[in-house]
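Visitor: Sharing a structure, written as structure tokens. Questions coming.
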Amino acid sequence: MVLALSSILFIREPEEQPPISEREYIEQELKDYPALKEICRCESGLRHTNDKGNLIVGIINPNDRGVCQINYPSHKEKLTEMKLDPDKLEDNLKFAKYLYDTEGKIPWRCSQSCWSEALKKLGI
């Protein structure tokens, strides 16, 4: 933005936005996917990395990766085709949205006992 007062020219730099946290980013990315958000809350606590910065992996199946617990072996072909890496937060969310849009809740049916009540309360 440029402001001119009499013959003096002032150039004002745009204000920088503070970086958002991983959690805020996840919440923002899933705002249009309330069911997926609840599923991910059950799967990972809406976290992609733990307190030490390590990727969240499944307790029962360590092939389940990140915030949306994408099972790499099951989806390797499509992930490769889409050029996505489920270990990267943005790609994990992008692929989860793709899965949800194409298959609904089916890929996360193993954790249904955790998220089904929350979805009922949301009317989903």
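The values are calculated or read from the model by the stated rules, or taken from the named source; none is laboratory data. Quick caveat: nothing in here was measured; it's all calculated off a predicted structure. Quick reminder, even Gly has a Cβ in these numbers, built from the backbone with ideal geometry, and neighbours come from all protein chains shown.
Visitor: Taking the options Glu43, Glu29, name whichever one is acidic (Asp, Glu), in contact with a Gly (Cβ under 9 Å, 6 or more places away or on another chain) and at pLDDT 95 or above.
Guide: Glu43
Visitor: Under the condition of being of a type in the set (Lys, Arg) and in contact (Cβ under 8 Å) with a residue 40 or more places away in the chain, which residue from the range 97-117 is farthest from Glu43 (Cα to Cα)?
Guide: Result: Lys97.
Visitor: Here's a follow-up. Looking at the range 71-87 only, could you name the residues that are in contact with a strand residue (DSSP E or B) (Cβ under 7 Å, 6 or more places away or on another chain) and within 20 Å of Lys105 (Cα to Cα)?
Guide: Of everything in the range 71-87, those that are in contact with a strand residue (DSSP E or B) (Cβ under 7 Å, 6 or more places away or on another chain) and within 20 Å of Lys105 (Cα to Cα) turn out to be Asn71, Tyr72, Pro86.
Visitor: Okay, next question. Picking from Glu22, Glu38, which residue would you name as being of a type outside the set (A, V, I, L, M) and touching a His at 6+ places or on another chain (Cβ under 8 Å)?
Guide: Glu22 is the lone residue from the list that is of a type outside the set (A, V, I, L, M) and touching a His at 6+ places or on another chain (Cβ under 8 Å).
Visitor: Mind listing just one residue for me: the one in the range 1-26 that is of a type in the set (Val, Ile, Thr) and within 30 Å of Pro86 (Cβ to Cβ) and, of those, modelled with the highest pLDDT?
Guide: Among those that are of a type in the set (Val, Ile, Thr) and within 30 Å of Pro86 (Cβ to Cβ), it is Ile26.
Visitor: Let me ask something additional. Among the residues of the range 51-61, what is the count of those that are farther than 26 Å from Glu117 by Cα and surrounded by 10 or more Cβ atoms within 10 Å (Cβ to Cβ)?
Guide: 1
Visitor: Let me ask another. So, in the range 34-58, exactly how many residues are touching a Phe, Trp or Tyr at 6+ places or on another chain (Cβ under 6 Å) and not β-branched (Val, Ile, Thr)?
Guide: So the count comes out to 3.
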